[in-house]
Structure formats: C-alpha cells, structure tokens
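Asks: Below you'll find the structure I mean.
The values are calculated or read from the model by the stated rules, or taken from the named source; none is laboratory data. Note that the structure is a prediction, hence the values are computed from the model and not measured. Using ideal geometry, Cβ is built from the backbone for each residue, glycine included, and neighbour counts are taken over all protein chains shown.
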Amino acid sequence: MSDLEKLLQRLLDQRVEFVIVDGYAVMAYGVPLLTQDVDICCRFNVENLLRLQAAVADLHPVHRLTPQKLPLQLTGESCASLKNLYLRTDFGVLDCLSEVLGVGDFTAAQRESITLKLDIGECQVLSLAALIRAKEQLNRPRDRQAVLELRAIQARTP
C-alpha cells in the first residue's frame, strides 16, 4: 500500500466525509498518472475537520503553503474561517478543498460522485462527467491530457 493510500485509509477510518478529486480520481478510473498528492473535497464543518485532524495527527501535518510551515492545530473557532487546507504530512501532500471548480461545494461534489472500490475500500470519487468538467476548468496541460483520456473511458462506458 502506498503512502497516499495509507493517508486515504486514515480518512476512511476516522469517518471523514470526502470525495476524491483531481489526479487521484483520474487514476481511480484507470488513467496512468503519476501524482504526488491527494486532493479531496470535504465538508468544511467543525466535526468533519476535527476528524480529519485526528486522522493525520501523528503524521506531523503542517500547512504547506505558509512560509513557517505551521503545524495543523484546528479548533472550533479556526475551523469556521477555513475554505481550504493544504497540508504536508509524513505520508505526503493532502489538499482539502471546500469546493471544486466546475462542480461546486462539497454537497455538489458528493451528489456528483460515485462509489468506487479501491484497494483501501470503497471511496467516493467524482463521476467521470464531473471530473472532466473540473479538469476542463483547471485547463493546465496535464489536465487537458487527462480530459482526453477520461473522455475515451467515458466513450467506452455503457
């Protein structure tokens, strides 16, 4: 099991509400892609964020986009002001988003997700159509390539 899979397994074990998006979602559909992180869209409420914090607590999570690399220390009060969390952990990078371009907030992402059986268990992953829309919105070279491959999968899917 890869470290990124271990990271996702911890989220599942703590019952974090999330949907896998971006590169890891693309890989879940069978597109060969090298990714160094896991991007999730999750419910940004106090309970869910504290479960997320518990899932990674012993992995030395830090806010990776802050110059000081501040440790993750969520409180009920601090959770209220968050829109995204960009974390580095001992198992890798975990980006937690409150919304996905082209899809919407967590509720919309959850509505447009499907359950896929991965090696770590059943996970919510953006549907092919939603993932394609999200990748089109990002429009980076690697996203444009992913869209081509996802569309090919979509064309073969009954």
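Asks: Say whether the condition of being farther than 18 Å from Leu12 by Cβ, in contact (Cβ under 8 Å) with a residue 60 or more places away in the chain, buried (at least 19 other Cβ atoms within 10 Å of the Cβ) and not hydrophobic (A, V, I, L, M, F, W, C) is met by at least one residue in segment 99-118.
Replies: No - not one qualifying residue is present in segment 99-118.
Asks: For segment 119-135, name all the residues that are crowded, with 16+ Cβ neighbours inside 10 Å, over 24 Å from Leu49 (Cβ atoms) and not hydrophobic (A, V, I, L, M, F, W, C).
Replies: Scanning segment 119-135 gives Ser127, Arg133, Lys135.
Asks: Moving on to the next point. If a residue must be at negative phi and part of a strand (DSSP E or B), how many such residues does segment 85-132 contain? Show your work before the answer.
Replies: The first filter runs over segment 85-132 and keeps only residues at negative phi, leaving 85-91, 93-101, 103, 105-120, 122-132.
From what is left, the residues that are part of a strand (DSSP E or B) are 85-89, 93-97, 99-100, 105, 113-118, 122-126.
The qualifying residues number 24.
Asks: Name every residue in segment 28-69 that is assigned to a loop (DSSP other than H, G, I, E, B), crowded, with 19+ Cβ neighbours inside 10 Å and at pLDDT 95 or above, in order of residue number. Lay out the reasoning, then the answer.
Replies: Applying the first criterion (assigned to a loop (DSSP other than H, G, I, E, B)) to segment 28-69 yields 29-36, 43-45, 60-61, 64-69.
With crowded, with 19+ Cβ neighbours inside 10 Å added as a condition, the list becomes 29, 43-44, 61.
Within segment 28-69, Arg43, Phe44, Pro61 qualify.
Asks: Can I ask one more? Taking the criterion of being of a type in the set (Phe, Trp, Tyr) and touching a Cys at 6+ places or on another chain (Cβ under 6 Å), would at least one residue in segment 79-97 satisfy it?
Replies: Narrowing segment 79-97 to residues of a type in the set (Phe, Trp, Tyr): 86, 91.
Narrowing further to those that are touching a Cys at 6+ places or on another chain (Cβ under 6 Å): none.
Looking for residues that are of a type in the set (Phe, Trp, Tyr) and touching a Cys at 6+ places or on another chain (Cβ under 6 Å), one finds none in segment 79-97, hence no.
Asks: Between a first residue in segment 136-150 that is under 15 Å from Val103 (Cα atoms) and a second residue that is outside any loop (DSSP other than H, G, I, E, B) and at pLDDT below 90, which pairs have beta carbons less than 9 Å apart while being 6 or more apart in sequence or on different chains?
Replies: Once the first residue is under 15 Å from Val103 (Cα atoms) and sits in segment 136-150, no partner that is outside any loop (DSSP other than H, G, I, E, B) and at pLDDT below 90 comes close enough.
Asks: Still on this structure, I have one more. Residue check, Leu82 against (1) in a loop (DSSP other than H, G, I, E, B); (2) closer than 30 Å to Arg156 by Cβ; (3) touching a residue at least 24 places away in the same chain (Cβ under 8 Å), all met but one. Which one?
Replies: Among (1) in a loop (DSSP other than H, G, I, E, B); (2) closer than 30 Å to Arg156 by Cβ; (3) touching a residue at least 24 places away in the same chain (Cβ under 8 Å), Leu82 violates only (2).
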